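Remarks on the structure that follows.
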Amino acid sequence: MNDNPGADDFAGRLASDARERRWPNVRPKDAATLIIIDRTGPEPKVLMGRRHANHKFMPGKFVFPGGGVEPGDRSMPVTGALDPRCEARLMARVQRPSMGRARALALASIRETFEETGLLFGSKEFGAPESAPEGAWSRFAAEGVYPDLEAVTFIARAITPPRRPKRFDARFFAIDHAALAGQIDGVVGPDAELDQLVWVTIAETAAIELPAVTRVVLDELAARIEAGFSPFRPVPFYREVHGVWSRDML
């Protein structure tokens, strides 16, 4: 483990959780999460959703919208392009790196946010995208919005420890609320994956139930905002190596 205190903090938080390791080891699945930031008030706020209490995975915890990468994320038409620094960091420390994979990760964060919250991030300047993949992307395109890759910033990566019931190689992206191009109502509710959405300052998240990795990423977000959200700031990569938590920089 390196000497960065962030790694120690992350390891301590994970150790405080009761974590069995009785499951077979599986390869982590590529996943993406989107942190929506509202900087119009005196303090920045982030949008968090509470997972339904009946979910087997993290029931009742507040999370950022996100989930696994799907095949359509590679082919959805977009406007804008990933910042080259963001793209390079997404391709670092992965097997078979490609611009297509980096693109799919960023698009997955936008699609998952749309599916879980009804929020569409992108642009209406160019009309409805043509040839959108079936499913969520077709519904997204029907609202006349192109997803905008230029609006997202890659801020953190974390891999679920081995022998957990679900494992993800999760990339955390951030986007400003000003990039919102539309919204579908009725997506969040008692019968949905998220039953509540809340806007909270980073300080206020101390009072709500969050996964350990979410608290660590919020700390990183706070530091990034305080530093002016510079695109030159490196991206932390959290993972367990031979039973010890490591924090590397991408």
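Would a scan of segment 186-204 turn up a residue that is within 28 Å of Gly118 (Cβ to Cβ) and among the polar types (S, T, N, Q)?
Narrowing segment 186-204 to residues within 28 Å of Gly118 (Cβ to Cβ): 186-204.
Those left that are additionally among the polar types (S, T, N, Q): 196, 201.
Yes; the residues of segment 186-204 include at least one that is within 28 Å of Gly118 (Cβ to Cβ) and among the polar types (S, T, N, Q).
Only one residue in Ala128, Ala88, Ala81, Ala104 is more than 23 Å from Gly186 (Cα to Cα), of a type outside the set (Phe, Trp, Tyr), touching a helix residue (DSSP H, G or I) at 6+ places or on another chain (Cβ under 9 Å) and outside any helix (DSSP H, G or I), so which one is that? Before the answer, list the steps.
Details: Ala128 fails: more than 23 Å from Gly186 (Cα to Cα); Ala88 fails: outside any helix (DSSP H, G or I); Ala104 fails: outside any helix (DSSP H, G or I).
Exactly one of Ala128, Ala88, Ala81, Ala104 is more than 23 Å from Gly186 (Cα to Cα), of a type outside the set (Phe, Trp, Tyr), touching a helix residue (DSSP H, G or I) at 6+ places or on another chain (Cβ under 9 Å) and outside any helix (DSSP H, G or I), namely Ala81.
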Among the residues of segment 186-211 satisfying the criterion of being charged (D, E, K, R) and either within 25 Å of Ala158 (Cα to Cα) or at pLDDT 90 or above (or both), which is surrounded by the fewest Cβ atoms within 10 Å (Cβ to Cβ)?
Glu209
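Name the residue, out of Glu220, Glu209, that is touching a residue at least 40 places away in the same chain (Cβ under 8 Å), in contact with a helix residue (DSSP H, G or I) (Cβ under 9 Å, 6 or more places away or on another chain) and outside any strand (DSSP E or B). Please lay out each step first, then the result.
Working: Glu209 fails: in contact with a helix residue (DSSP H, G or I) (Cβ under 9 Å, 6 or more places away or on another chain).
Criteria check complete, one pass: Glu220.
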Matching residues in segment 61-80 - criterion: being at pLDDT below 90 and crowded, with 18+ Cβ neighbours inside 10 Å
Phe62, Val63
Which condition from (1) surrounded by fewer than 18 Cβ atoms within 10 Å (Cβ to Cβ); (2) polar (S, T, N, Q); (3) within 30 Å of Gly189 (Cβ to Cβ) is the one that Ser109 breaks?
(1)
Between residues in segment 188-206 that are of a type in the set (Phe, Trp, Tyr) and residues that are buried (at least 17 other Cβ atoms within 10 Å of the Cβ), which pairs lie under 6 Å by C-beta distance while being six or more apart or on different chains?
Trp199/Lys45; Trp199/Leu47
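The values are calculated or read from the model by the stated rules, or taken from the named source; none is laboratory data. Model, not experiment: these values are computed from the prediction. When we count neighbours, we look across all protein chains shown, and the Cβ atoms used for this are built from the backbone with ideal geometry, even at glycine.
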